[in-house]
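I have placed the structure first, in the form of structure tokens, so that the comments after it can refer back to it.
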Amino acid sequence: LSSLKKFDEIKKANQAAAKKLVEDQLSSSSEDDDEDAEVKQGKILDKTFTIYTSQTDGDASELERTRQYMNEAFQSGAMTCLICIASVKRNQAVWSCCGCFCIFHLVCIQKWAKDSLFLVSSPLTDDDFGKKDYPWPCPKCRFEYKRSETPSRYYCYCGKVENPTVDPWLVPHSCGQICEREFKPSCGHKCLLLCHPGPCPPCPKMVTTTCHCKKAKAVPRRCSAKEWSCRLPCGRTLLCGQHACENPCHAGDCQPCPRVSKQRCICGRQTAERLCASPQWQCDQVCGKCLPCGNHTCEQVCHAGPCGDCPRSGKRSCPCGKTKFTLPCTEDVPTCGDSCDKVLECGIHKCSQRCHRGPCEICRQEVEKQCRCGKHTKRMPCHKPYLCETKCTKIRDCQKHQCRRKCCSGNCPPCDQVCGRTLGCRNHKCPSGCHRGSCNPCPETVDVKCNCGKTVIKVPCGRERTIKPPKCKQLCSRPPTCHHSTREKHYCHFGRCPPCRQPCQKTLPCGHLCPVSCHDEALVKQTGLHQSAGPWEQPSEPAFIQTALPCPPCEVPIPVECLGQHEVS
């Protein structure tokens with residue numbers, strides 16, 4: 001009895017908690033609340049954009065990208081920290097990347113930066129540590145930050161206010177002040193929006209500027225589009241010095257001259273049609289002019305200027321370089337007869353042959369050679385490399401796999417295996433090479449759709465299991481399951497459609513129409529259910545079943561005579 005009583009108390013508490021949860025969800029997802037939230041969000045966006053639109057005469061076409069970031073900041077579950085794959089809430093400290101404007105939890109990005117710096121600096125020795133400021137990357141765009149730029153405090157988007165207060169009438173994590181960040185590219189003006197996520201919009205200021213070629217009259221234009229072309233021919237003299245640029249008014253330097261003209265090569269022997277922009281060219285003929293010695297000709301290919309002296313004139317050395325001779329250019333230098341003594345390719349021994357022409361032979365001396373890993377020695381010819389069969393047992397930089405390379409010198413190469421660990425999304429595996437530390441966040445995005453598939457939102461991979469489907473404004477298109485030809489109008493949804501509330505309108509035996517609500521799918525409590533032996537036994541059948549009920553008796557009043565036909569009631 002005591003266990004049954006305790007079970008009933010727990011059961012009632014669970015039922016009360018479940019009922020409260022359902023009521024909270026229904027109240028939070030009601031259309032009235034959604035409409036109020038949309039109206040409130042629209043007012044906050046209008047307030048944020050007011051100063052900007054006042055400069056553009058109400059034109060907000062350049063604000064679409066910034067508006068998208070702000071809508072994500074308002075939408076529940078849309079902003080996700082890619083490091084921990086969890087939602088970013090209003091009251092949590094965050095950090096925003098200045099490259100991709102992605103938002104992360106402050107504690108998550110601090111841990112990410114610390115781990116990244118540790119992985120980069122761990123192979124260094126104690127002497128090298130701290131001498132170089134190694135960067136750490138953004139988890140999404142890989143934009144690099146210095147060690148000194150690791151965030152330590154929570155600031156608003158514009159960076160003016162530390163620990164901004166949570167205000168329901170401001171964009172989440174905003175201070176509400178004017179942004180005043182410099183536009184990129186810099187134009188000298190500052191952003192006019194209130195503190196906001198995402199990139200600043202183009203500069204809306206009006207400036208007076210002329211075209212690229214400076215021929216047109218200066219006109220007032222938006223600062224973000226002050227570079228413009230009058231489309232007239234440029235007319236500037238090209239680098240060839242003979243022709244003018246015929247392209248329409250353009251920015252930067254003119255393109256090379258596209259015209260073709262006949263031009264001589266450097267030596268002047270051949271003429272060919274070539275681009276005017278590259279007049280200097282070389283033919284493939286050997287010069288062949290007679291050198292000052294009168295015995296030899298120039299062997300250079302198409303060159304400018306004098307040919308120079310004969311390369312065989314003056315003092316010349318023998319092949320080994322020990323003896324010099326003064327001979328006419330028509331005679332070859334003889335060998336001196338001394339030993340060659342040039343250092344061989346091994347870099348240790350010298351050539352033992354007599355002075356000779358041509359390259360020296362390979363080193364054939366027998367030496368005691370040590371293998372690359374230093375574990376074995378062997379006597380063999382000097383020119384042959386010695387690699388033993390011992391496999392390296394050192395752990396590679398991934399700290400997981402052995403090197404296993406034969407006769408390794410100790411400088412093991414990076415691990416060539418694929419990481420393959422399951423990412424935080426639980427859907428994909430890490431495609432990077434085997435590494436230490438945490439894997440990068442999954443770069444994929446997943447489409448979360450409503451029931452009809454017409455409303456779609458993109459969320460980071462792994463969040464599709466926890467995020468709510470988007471609210472769809474399309475009408476439900478499911479066919480009716482009762483005898484009516486159409487359903488009552490309601491929005492797209494998951495699960496069963498709400499019960500039909502239309503009048504039944506079936507014809508009763510008396511000829512009248514049934515006025516009660518549709519009862520083709522009424523919930524009826526089952527009777528005669530199997531009694532459970534105890535609280536541990538689960539019910540095998542549902543307590544309620546859906547069935548069609550007959551129409552109730554007609555309640556329309558009609559005149560009826562009494563049995564004696566005296567009165568009509």
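Read through the list (1) open to solvent by 30 Å² or more (accessible area, probe 1.4 Å); (2) under 22 Å from the mean Cα position of the chain (by Cα); (3) modelled with pLDDT of 70 or more, then give the number of the only condition that residue 43 fails.
(2)
For residues that are aliphatic (A, V, I, L, M) and open to solvent by less than 20 Å² (accessible area, probe 1.4 Å), scanning just segment 89-114, find the one that is farthest from residue 169 (Cα to Cα).
The selected residue is 113.
So which of 521, 488 is modelled with pLDDT of 85 or more, open to solvent by 40 Å² or more (accessible area, probe 1.4 Å) and either closer than 30 Å to residue 440 by Cβ or touching a strand residue (DSSP E or B) at 6+ places or on another chain (Cβ under 6 Å) (or both)?
Being modelled with pLDDT of 85 or more, open to solvent by 40 Å² or more (accessible area, probe 1.4 Å) and either closer than 30 Å to residue 440 by Cβ or touching a strand residue (DSSP E or B) at 6+ places or on another chain (Cβ under 6 Å) (or both) holds for just one of 521, 488, which is 521.
Quick one: is residue 358 closer than 30 Å to residue 311 by Cβ, assigned to a loop (DSSP other than H, G, I, E, B), modelled with pLDDT of 85 or more and open to solvent by less than 80 Å² (accessible area, probe 1.4 Å)?
For residue 358, the condition - closer than 30 Å to residue 311 by Cβ, assigned to a loop (DSSP other than H, G, I, E, B), modelled with pLDDT of 85 or more and open to solvent by less than 80 Å² (accessible area, probe 1.4 Å) - is met.
Kindly list, by first and then second residue, each pair from a residue in segment 171-189 that is under 19 Å from residue 99 (Cα atoms) to a residue that is surrounded by 15 or more Cβ atoms within 10 Å (Cβ to Cβ) and β-branched (Val, Ile, Thr), limited to pairs with Cβ atoms under 7 Å and residues at least 6 apart or on different chains.
173/94
Looking at 421, 354, can you tell me which residue is within 30 Å of residue 86 (Cα to Cα) and without any contact (Cβ under 8 Å) to a residue 60 or more places away in the chain?
421
Pick out the one residue from 182, 149 that is assigned by the TED database to the domain that holds residue 67 and within 25 Å of residue 82 (Cα to Cα).
After ruling out the rest, the residue left standing is 149.
Go through segment 271-298 and give me each residue that's among the acidic types (Asp, Glu) and either assigned to a loop (DSSP other than H, G, I, E, B) or surrounded by 12 or more Cβ atoms within 10 Å (Cβ to Cβ) (or both).
Selection gives 284 alone.
Give the residues of segment 491-503 that are within 33 Å of the chain's Cα centre (by Cα) and surrounded by fewer than 12 Cβ atoms within 10 Å (Cβ to Cβ), sorted by residue number.
494
State the number of residues belonging to segment 416-441 that are assigned to a loop (DSSP other than H, G, I, E, B), on the phi < 0 side of the Ramachandran plot and open to solvent by 90 Å² or more (accessible area, probe 1.4 Å).
Total meeting the criteria: 2.
Could you say which residue among 424, 437 is closer than 30 Å to residue 110 by Cα, in contact with a helix residue (DSSP H, G or I) (Cβ under 7 Å, 6 or more places away or on another chain) and outside the structural domain of residue 105 (by the TED database)?
None of the other options fit; the residue is 437.
Restricting to segment 442-485, what's the tally of residues that are among the β-branched types (Val, Ile, Thr), open to solvent by 50 Å² or more (accessible area, probe 1.4 Å) and outside any loop (DSSP other than H, G, I, E, B)?
Result for segment 442-485: 2.
Please verify whether residue 508 is surrounded by 12 or more Cβ atoms within 10 Å (Cβ to Cβ) and without any contact (Cβ under 8 Å) to a residue 12 or more places away in the chain, treating the condition exactly as stated.
Here the answer is no, as residue 508 does not meet what is asked.
Just checking, does segment 364-374 include any residue being free of Cβ contacts under 8 Å to residues at least 60 places away in the same chain, open to solvent by less than 30 Å² (accessible area, probe 1.4 Å) and closer than 22 Å to residue 139 by Cα?
Scanning segment 364-374 turns up no residue that is free of Cβ contacts under 8 Å to residues at least 60 places away in the same chain, open to solvent by less than 30 Å² (accessible area, probe 1.4 Å) and closer than 22 Å to residue 139 by Cα.
Which pairs do you get when a residue that is without any contact (Cβ under 8 Å) to a residue 12 or more places away in the chain, found in segment 279-303, comes within reach of a residue that is surrounded by 12 or more Cβ atoms within 10 Å (Cβ to Cβ) and part of a loop (DSSP other than H, G, I, E, B), reach meaning Cβ atoms under 6 angstrom, with the pair 6+ apart or on two chains?
From segment 279-303, the pairs are 297/288.
Considering only segment 404-415, state which residues are part of a loop (DSSP other than H, G, I, E, B) and either in contact (Cβ under 8 Å) with a residue 12 or more places away in the chain or at positive phi (or both).
Passing the criteria: 404, 405, 407, 408, 409, 410, 412, 413, 414, 415.
Does residue 315 count as modelled with pLDDT under 85, over 30 Å from residue 460 (Cα atoms) and touching a Ser or Thr at 6+ places or on another chain (Cβ under 6 Å)?
It is true that residue 315 is modelled with pLDDT under 85, over 30 Å from residue 460 (Cα atoms) and touching a Ser or Thr at 6+ places or on another chain (Cβ under 6 Å).
The values are calculated or read from the model by the stated rules, or taken from the named source; none is laboratory data. Quantities reported herein were computed from a predicted structural model and do not represent experimental measurements. A quick note on method: Cβ atoms are made from the backbone with ideal geometry, for glycine too, and the neighbour counts reach across all protein chains shown. Surface areas here come from the heavy atoms of the whole protein model, side chains and all, with no ligands, DNA or RNA. Shrake-Rupley method; radii C 1.70, N 1.55, O 1.52, S 1.80 Å.
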